[in-house]
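Shown next, in structure tokens, is the structure this report addresses.
The values are calculated or read from the model by the stated rules, or taken from the named source; none is laboratory data. Source: prediction; values computed, not measured. Cβ placement follows ideal geometry from the backbone for every residue including glycine, while neighbour counts extend to all protein chains displayed. What goes into the accessible areas is simple: the full protein's heavy atoms, side chains included, and nothing from ligands, DNA or RNA. Shrake-Rupley method; radii C 1.70, N 1.55, O 1.52, S 1.80 Å.
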Amino acid sequence: MTPTEYEYLRKFLKDNSGLDLSADKQYLIESRLLPLARKAGLSGIAELVQKLQAGLRPLITDVVEAMTTNETFFFRDKVPFDHFRDTIMPEIIKARAGRRSVRIWCAAGSTGQEPYSLAMCLKEMGAALTGWRVEIIATDLSQEVLEKAKAGVYSQFEVQRGLPIQMLVKYFKQTGETWQINPELRAMIQHRQLNLLHDFAQLGTFDVIFCRNVLIYFDQDTKINIFNRLARQIEPDGFLVLGAAETVVGLTDTFRPIPDRRGLYKPNDPRAAAAKPVLAGAAPRMAVMAGR
């Protein structure tokens, strides 16, 4: 790969996904895109770049998805799910007692382990949510991973990563060497293809937003832009959950951290977020570089 080709691909990926690669990541692009080029019958990176410059839409999609990493597993990092059970839902149940409904958004939900983990948490709450309308929206860039999430079928290896054996037995059915989450939990989740760089106002407002381990791959301006728009989609008393390596501190005043609750944030005055400008030039797709 020539320096010119690498710079083109860096810009292409940032414009089309938000992925901000440093100058020393040439090896990463080569390792991901050379197999894709060969599969497409191309001679190598140079011809791949030519096709991208020609605007070949299916190839553009394939390149963006090839650069994503959908690393995820059930109850990943544990702490956010403890917060969900012990802090978030008790407050939501009290605050929403009148309307008896809760809306949750899993942004960059990957192959479904995060939204299904939340669904299991909600089921475990039993009578506390009897008669409630529960809505979980799980979004991701990749249609391929969304299809896997919809099916809810996981290998033995996947269900052994973070999933307590009691929940495996309770909420999954084994078929041969795979496990499928039961229809009741699958019905709790709506899976939609979505780009965080695009307007997501059409999703409506949420009581809880999980947006974990994806913003770390964006540059600062993109992070600020997304935080400001997330603030417009969250209820004034709602909760934002970020990954352990992510923070709003020093980037935006639209959210504030909750003391002694790592990764958990509350919105500030939503009017402050509404006054923030949206960055121009948002690209049509978003890279999901890490699992939830």
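Brief remarks on what is shown
- Within region 100-199, the trypsin sites (Lys or Arg not before Pro) that combine a DSSP coil assignment with at most 13 other C-beta atoms in a 10 angstrom radius are Arg100.
- Remark: region 150-157, residue by residue, has Karplus-estimated 3J(HN,Hα) of 4, 5, x, 9, 9, 6, 4, 4 Hz, where x stands for each Gly or Pro and the curve is 6.51 cos²θ - 1.76 cosθ + 1.60 at θ = phi - 60°.
- Charge dipole (Cα centre; +1 on Lys/Arg Cβ, -1 on Asp/Glu Cβ; no other charges) of the chain amounts to roughly 700 debye.
- Equivalent ellipsoid semi-axes - Cα gyration tensor, region 3-67, angstrom: 16, 13, 11
- Residue-wise HN-Hα coupling along region 34-49, computed from phi with Karplus coefficients 6.51, -1.76, 1.60 (Hz; x: Gly, Pro): 4, x, 5, 4, 5, 4, 7, x, 9, 6, x, 4, 4, 5, 4, 4
- Lys/Arg +1, Asp/Glu -1 at C-beta; the chain dipole; positive extreme among Trp132, Pro80, Val249: Trp132
- Between Ala138 and Cys106, Gln190, His191, Arg192, the built amide H atoms are under 5 Å apart, and every one of these is 5 or more places off in sequence or on another chain.
- 16 Å tail of the calculated P(r), region 121-214, as % of Cα pairs: 65 percent
- For the chain, the carbon plus sulfur part of the accessible surface works out to 53%, probe radius 1.4 Å.
- Projecting the Cα atoms of Tyr171, Tyr265, Leu21 onto the charge dipole of the chain, computed from C-beta unit charges around the Cα centre, puts Tyr171 farthest toward the positive end.
- Cα centroid of region 33-90 to Cα centroid of region 141-220, whole Å: 15 Å
- Net charge dipole size for region 3-67 [Lys, Arg +1 and Asp, Glu -1 on Cβ; Debye, nearest 20]: 160 debye
- Principal axis extents of the C-alpha atoms in region 171-265 (largest first, rounded to whole Å): 50, 32, 28.
- Accessible solvent surface per residue of region 14-87, calculated while the other protein chains remain in place, 1.4 angstrom probe, Å²: 49 Å²
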